[in-house]
């Protein structure tokens, strides 16, 4: 459990909040590249970390990310004209470049210097892996862009999607770190027993802090000869890699606050060695509602809302829940949303929870985030990896002999040489 | 009028509020039995006294009434599996019995004792008269279940319905206690004069406190030989019996807070001596909107919202209002809702009202409720009747000679012998 | 910019607020006469300056404007019976005259004097120019009704319309006073350049305080021989006259708060000398959405909501925005609403704005309003014109030689003799 005060601190990410400042030290996914495909196309408006923003791609293909309101009298730049290397407010014609520079104030007197003194608030962006990333923190603290593996691969090796989830970011992040729930929430039993066998259901949990965040580690003793390890990397501030094995593509998830009760859920599936094949792409395009599987979900192209949602009870099928599915809710992503979007409502009251041994990864992530927030209030910046390649890592799902050490196992399965990532022993 | 402070005290019934504590010393209607008919059927979720609750009927037909959130990490038990004598959370498989006992934590290690230390908050229920009642107070203060007459009769002697009303409970309770309004709000004139004759419209009002609550008493002097008495029992905390005479069935109403701006309105019609006949049942099934009469109302089977509501101006017919109906609004229940759901909005600003002589019952009920709240804050429990049969009473509507004492009149028309109910003289 | 405190003061107009008290010293438009056309018709309910009100026209054609809630137990008088020179509450039959007098309390005892002690809050009204005006201030401070020219003309010389605008009144008032925006926001370029030529776009701005409020004055130097003046009178508390020239009809606008985030926008077009002709009426009836032009807009007859609104992005046409219209939004009024209804949301955060030279009229109006609020808190009543004819004025749009003084120009074009209006030199 968290105290009421710590729950407030960890869930609030607006400007000026302690956790909001932590988020403002990292690059975060903001938009899919496909949302802002064309130069001089109409601007987009959206929320990010509680800030109202406008994004536009200028005549030269550069991306501008500005505060939504024109600095003059705060008309929305969403109505603006995206023209000739800048975005022009329709109220009085003030025009801004992608860096926030005011390029024109056509109603001011000839010779006026006023435009030199006015800037739109503008944030840095970086386009990689089919996503437009944003950095909303102080200019002098900007970190190098992290080398997530999938951002370095050809475009056909990965696919990114985005959904709106109506809850605080932490409820999703905790779900991604919670390797115990998969045996229950996502269980489709059919011919199998309704409940998972104990050797599968019961796990031991470890954590290890790293320079990019943390590893959340679960172990099931499947037999005297076989231990099954699932290792979920947690990248700061709110990203995870879902455990994958062998030829299975890897999956990145990012929980990005729009505001404190709405988040973008980014999901990226990638294969390091080859293009995603048709079957893998179909699993992404067809979510559980439409007969597919996996962590992606089909959304409305404008609102990014899922078809199955709290308003329609996530299309729960109570008959199916009795006969073949633990939840009766279609698809793993929607199942996750059903338990995450209403934990006391959009912000879980963590002072009333009762954590078990399965929640070790969650506890570790909370402590790490709260420690970073407290340190930043004292002027201590969050640690950043010494090399952007520290983010170029894989998750692990592997069956190995019982004596294997999980950290050694994890290192042995990483795509880049040891040494770029520092990691504590698992505990 | 009430002070702003007293209005706050009397209208707020959430956990920890003074009036909420008073409500938590009484059995209150929670659901219709028909809402939870089958064993192992999907659970229901609803609000009661500001608490989010889940109800389910287990494999043995027992009713469980639990806090909605699983005590683990607060996923909603609404998604839960109602299976084999318990409700199982779909997030991690924790399972709870109807008494809140944790029956299974399948992901915890073998031999873990953790489940012995975790309970779901569970409330007592009692099923009677077609209604599932709940007691949300301290276990050691639970009163015997009251013997409302209709809860002791064969099922075909009564019929219970429920509606959602979008206002504070007190606005409905005051309306039920207000015997003066019927001559106006519910007047259908047709061939009669638009206004009721003065000897009908003008009443004198008395109150008498009892061990179950209060009697609200109105007298019209129809002539020198005939006094017409209407006696409305007010059962604590928020129940009334609408005055009835002779062969007419009796009517119970209960105003039960979901939260401070929404209430369940329960209405029960019963006949002590015989099954309700077809005509009586039709009057219940066909409300005013659909050509019937009486205090029941047709609702949406899922939301319990009435078809005529504030959003459509209660289907007011302004032509009919001129030619045959005091309000032009169809049916007595909808007429009541029209004046109750918007008295300054869902919570009436009672510091601005101007009470008349017709409001004596309302004043008496408020004073009683506020006194109980104040006493309970001082550790003095609300008085409970010495016998559950004190609730086995009737309302009165009778024309008698002027000299008859109303309390004696009331005693003479009760179904159980004198002595089970204590009552003060009317004043 | 304004301080956060001053922004609060100037935008809040509910009962008891400093600016609300200023508004309560002036006659304000409340309803179109057409909304309350017939005697004994059903009452209307609406908000004005944060107060819930009921209007009705009694049997003698008099208008009553009462607090919505019956003073008894606060049922809404909207359900009331408009009958025989009064409005009767349907709950208990209390009846009120247009002046708030209680005419009947039919359930009170014969001989009761209670009704002499109860009054409904009633406000003064005045019907003129197709509008029902209201005065919500202290009875002893009521000013003479102002002689707006169009209120003195035959009915066919003017036409008044009303729309709901979802923002604070000040955002609309500022827009009306802002003579610089028309060259941009309302620009339809077609064959012309996208941007207005500098000699049109660039203006100088002056203000002059008057006994009715202020003049907001803009000057463009079209050539060495021609200065173009636009003079916008600002009538207290929130009315303006849009600049007009020659035979063009004049236009009055009024921004009237329903509450602090919704306003009625009244617009009146009038011709002093003749009936409006068919073409002029068509321009009013057909707004920009429907192929017309000008400051009126077609609304839903019940809600007064415009068809193009924030919920549908004001029907913006991004192709048209590139090829022929500065905004791509249909019609001047909807264009104004697009920039006004979302300046940080419905209440602009004026502490973050950056004002330019074009905002001089806006700054002057804010200072005037804040000064009146501060003075009224000190007991100094707002100055009222010495003669109601001070409101009988015209706006100005005129091309004249450079040396002409704007105040002299303004005086020379007014319909009533000099002397009724005092005015400071422009500065």
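The values are calculated or read from the model by the stated rules, or taken from the named source; none is laboratory data. From a predicted model like this one, the values you see are computed outputs, not experimental measurements. Methodologically, a virtual Cβ is constructed for each residue, glycine included, from the backbone with ideal geometry; neighbour enumeration extends over all protein chains shown.
At-a-glance table
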{"item": "Counted residues, the range A:51-70 - those being at the interface with chain C (Cβ under 8 Å from one of its Cβ atoms) and within 24 Å of residue C:200 (Cβ to Cβ)", "result": "0"}
{"item": "Helices (runs of 4 or more DSSP H) contained in the range B:139-249 and holding at least 1 residues within 30 Å of residue B:381 (Cβ to Cβ) and within 19 Å of the chain's Cα centre (by Cα)", "result": "B:169-177"}
{"item": "Only one of C:190, C:130 that is in contact with a strand residue (DSSP E or B) (Cβ under 6 Å, 6 or more places away or on another chain) and either surrounded by fewer than 22 Cβ atoms within 10 Å (Cβ to Cβ) or under 30 Å from residue C:311 (Cβ atoms) (or both)", "result": "C:130"}
{"item": "Breaking point among (1) touching a helix residue (DSSP H, G or I) at 6+ places or on another chain (Cβ under 6 Å); (2) surrounded by 17 or more Cβ atoms within 10 Å (Cβ to Cβ), for residue C:389", "result": "(1)"}
{"item": "Residue C:43 being surrounded by 19 or more Cβ atoms within 10 Å (Cβ to Cβ), within 12 Å of chain B (Cβ to nearest Cβ) and touching a strand residue (DSSP E or B) at 6+ places or on another chain (Cβ under 6 Å)", "result": "yes"}
{"item": "Condition check for residue C:100: in contact with a strand residue (DSSP E or B) (Cβ under 6 Å, 6 or more places away or on another chain) and surrounded by fewer than 21 Cβ atoms within 10 Å (Cβ to Cβ)", "result": "yes"}
{"item": "Residue match in the range C:230-242 (condition: surrounded by fewer than 21 Cβ atoms within 10 Å (Cβ to Cβ) and more than 24 Å from residue C:145 (Cα to Cα))", "result": "no"}
{"item": "Looking only at the range C:312-335, and only at residues there that are more than 10 Å from chain A (Cβ to nearest Cβ), part of a helix (DSSP H, G or I) and under 26 Å from the mean Cα position of the chain (by Cα), the one that is surrounded by the most Cβ atoms within 10 Å (Cβ to Cβ)", "result": "C:333"}
{"item": "Unmet requirement for residue C:296, which otherwise passes all of (1) within 28 Å of residue C:200 (Cα to Cα); (2) more than 17 Å from the chain's Cα centre (by Cα); (3) in a loop (DSSP other than H, G, I, E, B); (4) in contact (Cβ under 8 Å) with a residue 24 or more places away in the chain", "result": "(2)"}
{"item": "Tabulated pairs, the range A:172-199, first within 11 Å of chain B (Cβ to nearest Cβ) and touching a residue at least 12 places away in the same chain (Cβ under 8 Å), second surrounded by fewer than 15 Cβ atoms within 10 Å (Cβ to Cβ) and in a loop (DSSP other than H, G, I, E, B), C-beta under 6 angstrom, 6+ apart or interchain", "result": "A:199/A:222"}
{"item": "Options C:84, C:116: the member that is in a loop (DSSP other than H, G, I, E, B) and more than 7 Å from chain B (Cβ to nearest Cβ)", "result": "C:84"}
{"item": "Residue within the range B:87-95 that is without any contact (Cβ under 8 Å) to a residue 60 or more places away in the chain, under 25 Å from residue B:27 (Cα atoms), facing another protein chain (nearest Cβ under 10 Å) and not in a loop (DSSP other than H, G, I, E, B) present", "result": "no"}
{"item": "Qualifying residue in the range C:97-110 (condition: assigned to a loop (DSSP other than H, G, I, E, B) and within 16 Å of residue C:44 (Cβ to Cβ))", "result": "yes"}
{"item": "Only listed residue being in contact with a helix residue (DSSP H, G or I) (Cβ under 9 Å, 6 or more places away or on another chain) and without any contact (Cβ under 8 Å) to a residue 24 or more places away in the chain, chosen from C:347, C:380, C:423", "result": "C:380"}
{"item": "Selection within the range A:336-358 - more than 7 Å from chain B (Cβ to nearest Cβ) and within 20 Å of the chain's Cα centre (by Cα)", "result": "A:336, A:337, A:340, A:341, A:346, A:347"}
{"item": "Selection status of residue A:371, free of Cβ contacts under 8 Å to residues at least 40 places away in the same chain and surrounded by fewer than 18 Cβ atoms within 10 Å (Cβ to Cβ)", "result": "yes"}
{"item": "Any hit, the range C:125-137, residues being in contact with a helix residue (DSSP H, G or I) (Cβ under 7 Å, 6 or more places away or on another chain) and either at the interface with chain B (Cβ under 9 Å from one of its Cβ atoms) or at positive phi (or both)", "result": "yes"}
{"item": "The range A:395-425 - residue that is buried (at least 18 other Cβ atoms within 10 Å of the Cβ) and assigned to a loop (DSSP other than H, G, I, E, B) and, of those, nearest to the chain's Cα centre (by Cα)", "result": "A:395"}
{"item": "Any hit, the range C:374-384, residues being at pLDDT below 95 and in a helix (DSSP H, G or I)", "result": "no"}
{"item": "Qualifying residue in the range A:73-89 (condition: within 20 Å of residue C:312 (Cα to Cα) and within 26 Å of the chain's Cα centre (by Cα))", "result": "yes"}
{"item": "Single match in C:100, C:111, C:93, C:130 (criterion: more than 21 Å from residue C:13 (Cβ to Cβ) and modelled with pLDDT under 95)", "result": "C:111"}
{"item": "Candidate set: the range C:273-289, residues that are surrounded by 15 or more Cβ atoms within 10 Å (Cβ to Cβ) and in a loop (DSSP other than H, G, I, E, B); chosen: the one modelled with the lowest pLDDT", "result": "C:287"}
{"item": "In the range B:336-345, the residues that are part of a loop (DSSP other than H, G, I, E, B) and closer than 17 Å to residue B:313 by Cβ", "result": "B:341, B:342, B:343, B:345"}
